[in-house]
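A.B. asks: Structure incoming, see below.
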Amino acid sequence: MAAITRRHLTPSATGPALRALAAWTPADAPGGGLHPGDVGWHLRFDDAGVLLWSCDDVPVTVGVLDGTVLHVTTAPGADLATLAADAVDLGADAVAGVSIPGWEPVADQRWVVLSWAPRPVTSRAVPVTAADVADRVLVQRAAFTGSTFTVDRWHTMKQSPAGDLAVDVLVRTPAGEPAAAATGWFAGPGRCGLLEPVGTHDRHRGHGYGRDAVLGACAALTGRGASAVAVVTPADNQAAVALYRSAGFTVVRENLDRVRPDRTVAAPH
Ligand SMILES: CC(C)(COP(=O)(O)OP(=O)(O)OC[C@H]1O[C@@H](n2cnc3c(N)ncnc32)[C@H](O)[C@@H]1OP(=O)(O)O)[C@@H](O)C(=O)NCCC(=O)NCCS
């Protein structure tokens, strides 16, 4: 049997990983723990690393190590034993996106996968132009506590090999203030797109701006040929789950991170 090799890709060399993830993306919802859009959003960092496993030069798994959690998507029928050994070698305590035999699901790290089927929409969202980038970044920083997004990182993301997959939309208040934003990611015609991230400025919540951003990004993705649009959010993010349901998304499944057998996770009290 041919050996499986693991490579660390620098941002400019992530094309093969993005193409593999796109080819493995089903029509209705993302398959594993990584969609091309997860990698695209990760590529805002100019030191972003992406892992690619290949067998005879054919990609079989793509991964991103986020702290000690390895997010992966595999080709159908991939060798999970090799992946488990490599995850340990990489120092991962948990894996998101595949069920590695013997690795235990962590009940309090639940992710909801929701999907949206194309339909006509009305939305106040507009595509982010060069003149809007600073406002789009401002929304991100006001929506997510601790966000490190910057105008430079927006450009790094857009100039990366994933940049052409991104559709970025912004919603403004009637007075023109930036209120909500969403980045959608295209995985090719007939494949499911992804929203990552979605946020509303903390001063402008509860006015439907988040829903408009979501629907604007969905319309842009289906306009390019996406067969559906998915989003993945922590199960305990009630505002996000309510927003996506309000925009017409339905729950497809829940994903649980899986922790390696020699690691214990404290039970919640
Ligand atoms: C989630 C978030 C984007 C919602 O934005 P928003 O602009 O306030 O949402 P909207 O006003 O468009 O509301 C859309 C729907 O969600 C519901 N909703 C919004 N916030 C809610 C909350 N905190 N609790 C319950 N429902 C909520 C609204 O009632 C509305 O439902 P309805 O159409 O049935 O009335 C915003 O809270 C946010 O930016 N949170 C931090 C970032 C985040 O968690 N992003 C999502 C990560 S995947």
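Where a number appears in this text, it was derived from the coordinates with a stated rule and is not lab data. Because the structure is a prediction, the values reported are computed rather than measured. Counting neighbours? That spans all protein chains shown, and the Cβs are built from the backbone with ideal geometry, glycine included.
A.B. asks: Please report, in whole Å, how far the alpha carbons of the stretch 38-180 spread along each principal axis, starting with the longest.
C.D. replies: For the stretch 38-180, the Cα extents along the three principal axes come out at 56, 30, 30 Å.
A.B. asks: A follow-up question, please. Treat the count of other C-beta atoms within 10 Å as a stand-in for reagent exposure and order 200, 233 from fewest to most. Spell out each step's value before the answer.
C.D. replies: Numbers: 200 25, 233 21.
Fewest-to-most ranking of 200, 233: 233, 200.
A.B. asks: Skipping prolines and chain starts, which residues have an amide H placed within reach, meaning under 5 Å, of the one on residue 247, given they are 5 or more residues away or on another chain?
C.D. replies: When sequence neighbours closer than 5 places are left aside, there are no close amide H contacts.
A.B. asks: In addition: Label-point separation (nm) for residue 177 and residue 79, each offset 7 Å from Cα along Cα-to-Cβ?
C.D. replies: So the label points at residue 177 and residue 79 sit 5.7 nm apart.
A.B. asks: How high is the FRET efficiency from residue 126 to residue 235, r the C-beta distance, R0 35 Å, rounded to 0.05?
C.D. replies: On the way: r = 31 Å, r/R0 = 0.90.
Approximately 0.65, to the nearest 0.05.
A.B. asks: Please express the shape of the chain as an equivalent ellipsoid: the semi-axes are the square roots of 5 times the eigenvalues of the C-alpha gyration tensor, given largest first in whole angstrom.
C.D. replies: Numbers: eigenvalues 191, 83, 62 Å².
Semi-axes from the Cα gyration tensor: 31, 20, 18 Å.
A.B. asks: Counting only trypsin sites (Lys or Arg not before Pro) that sit in a DSSP loop (anything but H, G, I, E, B) with at most 14 other Cβ atoms within 10 Å, what is the longest stretch of the chain containing none of them?
C.D. replies: On the way: sites that count: 203, 263.
By the stated rule (loop sites, at most 14 other Cβ atoms within 10 Å), 1-202.
A.B. asks: Continuing with this model, one more query. Pull up all non-local amide H partners of residue 9: gap of 5 or more, or a different chain, and H-to-H distance under 5 Å with H placed in the peptide plane.
C.D. replies: When sequence neighbours closer than 5 places are left aside, the close amide H contacts are 50, 51, 52.
A.B. asks: Short version: ³J(HN,Hα) in whole Hz for each residue of the stretch 169-186, in order, from phi by Karplus 6.51 cos²θ - 1.76 cosθ + 1.60 (θ = phi - 60°), x for Gly and Pro, what are they?
C.D. replies: Along the stretch 169-186, the couplings run 10, 9, 10, 10, 6, x, 7, x, 6, x, 10, 8, 8, 8, 10, x, 10, 8 Hz.
A.B. asks: Next question. Label-point separation (nm) for residue 144 and residue 113, each offset 7 Å from Cα along Cα-to-Cβ?
C.D. replies: Calculated label separation equals 2.1 nm.
A.B. asks: Please turn the phi angles of the stretch 190-202 into ³J(HN,Hα) values with the Karplus equation 6.51 cos²θ - 1.76 cosθ + 1.60 (θ = phi - 60°), one per residue in order, whole Hz, x for glycine and proline.
C.D. replies: Listing the rounded values in order: x, 10, 6, x, 9, 9, 6, x, 10, x, 10, 3, 5 Hz.
A.B. asks: Using 1/(1 + (r/R0)^6) with R0 = 22 angstrom and r between the beta carbons of residue 5 and residue 262, what's the FRET efficiency to the nearest 0.05? Provide the component values of the computation, followed by the final result.
C.D. replies: Working: r = 26 Å, r/R0 = 1.17.
Result of the calculation: an efficiency of 0.30.
A.B. asks: Oh, and also: For 58, 229, which order do you get if you count the other beta carbons within 10 Å of each Cβ and list the fewest first?
C.D. replies: In increasing order of surrounding Cβ atoms, one gets 58, 229.
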